[in-house]
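Okay, so here's the structure we're looking at.
Quick note: the coordinates plus some simple rules give every number you see, no bench work behind them. Computed from a predicted model, the values in this text were never measured in an experiment. Glycine also receives a Cβ, built like all others from the backbone with ideal geometry; neighbour counts cover every protein chain displayed.
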Amino acid sequence: MAFLPQTVLLLREVIYSFTRTYTIPFLAREQTIRSAVECRGVGLHSGAPVSLRILPASPGTGIVFRRTDLEGFEIEAVSRNVARVSYATSLMKKGVLISTTEHLLSAFIGTGIDNAVVELDNLELPILDGSARTFVEMIQKAGVRKQRRPRKYLKICRELELRDGDKFIAVYPADSYSVSYSINFPHPLIGKETFRLELSNGNYLRRIAGARTFGSRQDERAMRDMGLIRGASRENCIILTRDGIENGPLRFADEFVRHKVLDLVGDLALLGKQILGAVVADRAGHAMHTALVSRILREKTLWEEVTPAEGEEPPYLEGATATAARSSA
């Protein structure tokens, strides 16, 4: 979630530009974590304190959020439960809200977790340091456990393109999972950038997970008046001034564009399965990300289910690769 680029700056007709590629290795079987892990923090927009706990889950569970403050009410992290998407990706079921899910969902993709229960005692996930790095480190601390159930992928068979004015997002057939993103942000520290990279999951923690969300000091009052960013601070987001950064240094020279990839990877997790396809986005935001997810799932002629061939696999976090075969299920 980059709350300023996807919202306030777009209202000012600011445009962003970069290109990025993200590749996921195949896994033959689903995975969960080995033991429970937890953290505490505040919600970026609500400012509310929250405790979060990640628990192992059975094969086929997927990612499920559980509101422990509401008698354990559960919301599945799937497209049909997507709610507000302007400033963050939120889920809602029967009037119950789970807000700002994209960073944790991105971390699950980056570490190869298919099944987990996420307990929290408030409506918004903790922003922590503004990135997915703490979530990834929690998962690494818990450990990853392979499960017996074969992992299924959605292999894209034909292209799908969505446009909204000058915004664009599409998915094309491919034998791997890649993401490219274009933005153009006329700020002295960003400008027009093009960046392309193939990533294995062995690189996720080092090159994607640590990229933080960002916002502008000039827009702070307007956003707070809208009931937003009440939990934002110098510790959990990059604060842009008119010509620089208030709380540098950056973790990466191109940290802004890396965070946009982090968000998109998290939003695509709402497919419920990883895809085999090339996703290309230009000035898209959370709304277009989730619109693509919805269209993919609705148009079943776009894809087919496949599962990797059984065989020897190197550890997932070291960037495993394998061949895909049609599912017999």
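Key figures for this structure:
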| read-out | value |
| --- | --- |
| Loop GluC sites (Glu not before Pro), the stretch 218-287, which have at most 13 other Cβ atoms in a 10 Å radius of their Cβ (DSSP) | E235, E246 |
| For peptides 157-163, 280-286, sequence by mean Cβ density within 10 Å, most packed first | 280-286, 157-163 |
| Estimated distance in nm for a label pair at S294 and T241, the labels positioned 7 Å out from Cα along Cα-to-Cβ | 4.2 nm |
| Ordering of 175-187, 60-72 by burial proxy (mean other Cβ atoms within 10 Å per residue, highest first) | 175-187, 60-72 |
| Peptides ranked, highest mean first, by Cβ atoms within 10 Å: ranges 114-123, 236-245 | 114-123, 236-245 |
| Tensor-based shape of the stretch 123-248 (alpha-carbon gyration tensor, a/c under 1.5 rounded, otherwise prolate or oblate) | oblate |
| Spacing of the two label points (7 Å from each Cα toward its C-beta) at R40 and M92, in nm | 3.0 nm |
| Tensor-based shape of the stretch 180-277 (alpha-carbon gyration tensor, a/c under 1.5 rounded, otherwise prolate or oblate) | prolate |
| Three-way shape label, the stretch 139-183, alpha-carbon gyration tensor, a/c 1.5 | oblate |
